[in-house]
Amino acid sequence: MYTGRFAPTPSGPLHLGSLSTAIGSFLRARSQKGKWLLRIEDLDRQRCSREASDSILKTLEIYGLEYDGCVIYQSRQVEKYREIIRSLQFRNLVYKCSCSRKRIKALGGIYDGRCRNTVHQENQNFSVRFRNPGTVLSFDDIARGHIETPAAESGEDFVLLRSDGTVAYNLAVVADDETEGVTEIVRGADLIPVTTRQLNLISVLGYRTPVYMHLPLILSGTDLKYSKQNHAKPVNESDPSLMCATAMKCLGLILPPDLCCAPPREQLSWGIKNFRIDGIPRNNQTVSY
Ligand code: GLU
């Protein structure tokens, strides 16, 4: 059965960009008569809050974005991820790294594998990295076609466990999509660059490979990505019908005039019937509100 999901990081309330991702994955799943799951990716305690995840749940309710089953909170299943790291350790597919952020920044942000063969003392502060075989360099996106990522990025030995003990997003996302039986991942285009490295981990873990569809990013009039980082306006402080219509337009769905001011639920039912992959724009969408 088609199984999709929305997996927000609760570092703030939903903004137009994340709402449009939620709507895109919801419409796709429902148009396939599939399931649509909700997972709160709240592993990073510095960035995430209960307040933000509650606000996201409330917004989804206001917009009629009804998910199937219970909400999964990643923070409640840390042991599961640690177990996966242990299994990789057993297979010599991870290693400890004590390189500083400063050093990696100086390398241009892509880690060079310096600690691959270094033995660390127990009391050292270290992160745990994936010994990435780097065999997957490309994937086929159902909306955007064949996408290749530079070998250095696809094959980067990325962090699985940070030095402060936080499990990294790239591991948790792969683990949960497998456990939850997600068949298709519909998410924002900002995650295209990390897809091949996730596929390398999926391959090593012997997980099923999901289908991917990346949705356009929404930029404000000044060309910034709509995100919490640049203080995008939370959508629950705005007119839901207008916001829903705007988010749908960014996905190539132009509502008929009589539905422009209708409640979001009605707009979404029209969207389910009219959702088309080839109607989704490939470029970023600029919106001002
Ligand atoms: N939690 C990620 C985010 O909010 C999305 C993860 C994903 O869809 O793969 O950006």
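The values are calculated or read from the model by the stated rules, or taken from the named source; none is laboratory data. Remember, it's a predicted structure, so these values are computed and weren't measured experimentally. All Cβ positions, glycine included, derive from the backbone under ideal geometry; neighbour counts span all protein chains shown. Please note that ligands, DNA and RNA were not included when accessible areas were found on the heavy atoms of the full protein model with its side chains. Shrake-Rupley method; radii C 1.70, N 1.55, O 1.52, S 1.80 Å.
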Inset, instruction - Can you check what the Kirkwood hydrodynamic radius comes to for region 1-132, Cα pairs only, in Å to one decimal? - result: 17.6 Å
Legend entry - Tilt relative to the chain, helix 169-179 - C-alpha long axis, 0 to 90 degrees, to 10: 70 degrees
Legend entry - Whole-percent carbon and sulfur share, accessible surface of region 123-194, 1.4 Å: 53 percent
Inset, instruction - Could you calculate, for region 79-180, the ratio of the Cα radius of gyration to the Kirkwood radius, expressed as Rg to Rh? - result: 0.99
Inset, instruction - Could you sort out which of 35/80; 58/273; 58/80; 105/249; 35/105 sit more than 30 Å apart by Cα distance in this structure? - result: 105/249; 35/105
Inset, instruction - Compute the long axis of helix 16-31 from its Cα atoms, compare it with the longest principal axis of the Cα atoms of the chain, and write down the angle in degrees, 0 to 90, nearest 10. - result: 80 degrees
Inset, instruction - Express the C-alpha Rg of region 246-287 as a ratio against the empirical globular expectation 2.2 N^0.38 Å, rounded to two decimals. - result: 1.14
Inset, instruction - Rank by packing, highest mean first: peptides 247-260, 106-119, with packing defined as the count of other Cβ atoms within 10 Å averaged across residues. - result: 247-260, 106-119
Legend entry - Angle between the chain longest axis and helix 50-62 axis [Cα atoms, degrees, rounded to 10]: 30 degrees
Legend entry - Bins of 10 Å, starting at 0 and running to the largest distance - Cα pair percent for region 132-289: 9, 30, 33, 21, 6, 0
Legend entry - Using distinct alpha-carbon pairs, which all enter the 1/r mean, Kirkwood radius of the chain in Å: 20.0 Å
Inset, instruction - Could you state the accessible area per residue of the chain in Å², with a 1.4 Å probe and every protein chain left in place? - result: 48 Å²
Inset, instruction - List the residues whose amide H sits under 5 Å from the amide H of residue 5, counting only those 5 or more places along or on another chain, with H placed 1.01 Å from N in the peptide plane. - result: 37, 186
